[in-house]
1. Of these, R226, R261, R250, R215, which one is charged (D, E, K, R), at pLDDT 95 or above and buried (at least 23 other Cβ atoms within 10 Å of the Cβ)?
2. Report yes if some residue within region 71-92 is closer than 11 Å to L117 by Cβ, surrounded by fewer than 15 Cβ atoms within 10 Å (Cβ to Cβ) and touching a His at 6+ places or on another chain (Cβ under 9 Å); otherwise report no.
3. Within region 199-218, can you find the residues that are without any contact (Cβ under 8 Å) to a residue 60 or more places away in the chain and under 13 Å from the mean Cα position of the chain (by Cα)?
4. Inside region 1-53, can you point out the residues that are open to solvent by 10 Å² or more (accessible area, probe 1.4 Å), out of contact with any Gly (no Cβ under 7 Å at 6 or more places or on another chain) and hydroxyl-bearing (S, T, Y)?
5. Return yes or no: is R181 of a type in the set (K, R), within 27 Å of A15 (Cβ to Cβ), touching a strand residue (DSSP E or B) at 6+ places or on another chain (Cβ under 8 Å) and surrounded by 18 or more Cβ atoms within 10 Å (Cβ to Cβ)?
6. Which condition number does S64 fail, the rest of (1) modelled with pLDDT of 95 or more; (2) open to solvent by 10 Å² or more (accessible area, probe 1.4 Å); (3) among the hydroxyl-bearing types (S, T, Y) being met?
7. Would you confirm whether any residue within region 233-242 is part of a helix (DSSP H, G or I) and either touching a Pro at 6+ places or on another chain (Cβ under 7 Å) or open to solvent by less than 30 Å² (accessible area, probe 1.4 Å) (or both)?
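The values are calculated or read from the model by the stated rules, or taken from the named source; none is laboratory data. Keep in mind that this is a model prediction, so the values were computed, not measured. Here Cβ is always computed from backbone atoms with ideal geometry, including for glycine, and neighbour counts include all displayed protein chains. Just the protein is used for accessible areas: all its heavy atoms, side chains included, with ligands, DNA and RNA removed. Shrake-Rupley method; radii C 1.70, N 1.55, O 1.52, S 1.80 Å.
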Amino acid sequence: MSTPSRVVRVAAVQAAPAFLDLAGTLDRLETWTRRAAGEGAQLIAFPETWVPGYPAWLDDSPGSALWGHEGAKAVFARLFANSMEVPGPATERIGKLARALKATLVVGVHERAGRTLYNSLLTFGPDGVLLNHHPKLMPTYHERLVWGLGDGRGLTAVSVGEGGTRVGGLICWEHWMPLARQVMHDAGEEIHVAAWPGVPDLHQVASRHYAFEGRCFVVAVGQILRVRDLPPELPPRPEKAGDPDDFLYRGGSCIIAPSARIIAGPVLDEETVVVADCDLGEIVRESLTLDVSGHYSRPDLFELRFQPRAPRA
């Protein structure tokens with residue numbers, strides 16, 4: 001008897017948000033989600049903090065890290081005002097959209113909790129229920145200027161749809177946290193969303209390694225942002241100021257099989273939906289040679305202690 005096929009069509013939405021505009025970005029999210037669903041996608045993924053846009057000024061505006069900088073404070077206030085509460089009206093709208101289209105949505109958002117912002121990845125099932133809420137564990141380098149530290153409660157995979165497909169996700173440099181990867185592999189992911197601001201070559205390498213190590217399909221998704229999207233209070237570096245149409249993030253989204261081969265994309269420099277059919281039967285076939293949670297682990301030698309309920313810092 002051969003391994004039965006169970007095919008899931010997935011989509012990476014590579015698009016520009018309405019930068020620092022929550023209502024406008026949710027409108028775009030609905031438009032792009034309907035487009036992806038129209039192509040038959042059952043799982044639709046959006047990039048890191050796509051709602052309402054990755055804080056690209058941290059990379060490209062020299063004033064963003066200066067103490068007492070009035071422009072940085074004004075932009076943070078605008079970002080705060082356009083971030084989401086989880087749960088809240090924005091999650092209700094996204095859940096309603098998922099339910100209407102009978103699709104699983106995985107969306108990177110800015111989450112507002114008290115006076116602190118978090119970089120969170122939300123997974124909505126095809127019934128519209130918010131199944132997983134993962135705040136980024138450790139903001140990377142300058143990101144600590146805008147985000148607090150997350151917790152481990154969302155560091156898992158959830159079953160979605162009638163087939164119970166196991167879906168999980170990590171955010172950006174979490175893909176270089178070995179113990180976080182192992183926790184996710186142990187959760188039995190079949191489809192993993194790798195949410196990035198953009199997916200240049202190095203991030204594609206990390207995403208392909210994740211697929212190979214975890215023996216799962218990976219949807220690596222990045223956004224489109226241009227110099228003109230930067231807020232006027234935090235202008236770009238001089239070498240970028242001359243061309244407002246120049247890219248800050250070029251996309252690079254791709255879909256990767258458990259063997260680490262790329263089955264769709266990468267696509268650069270355009271807004272699009274990257275779509276692929278994932279035959280989940282391939283996961284078992286590839287597990288013959290490597291299963292880091294099973295026959296290729298050594299629990300007699302190694303032990304991983306995970307505390308998912310540790311509070312946010």
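1. From the options R226, R261, R250, R215, the qualifying one is R215.
2. yes
3. Within region 199-218, H203, S207, V218 meet the criteria.
4. Residues satisfying the conditions are S2, T31.
5. Judged against the criteria, R181 is not a match.
6. Every listed condition holds for S64 apart from (1).
7. yes
Residue-by-condition table, conditions (1) modelled with pLDDT of 95 or more; (2) small (G, A, S); (3) loosely packed, with under 14 Cβ neighbours inside 10 Å:
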| residue | (1), (2), (3) |
| --- | --- |
| I255 | yes, no, no |
| A276 | yes, yes, no |
| R285 | yes, no, no |
| V292 | yes, no, no |
| D300 | no, no, yes |
| P308 | no, no, yes |
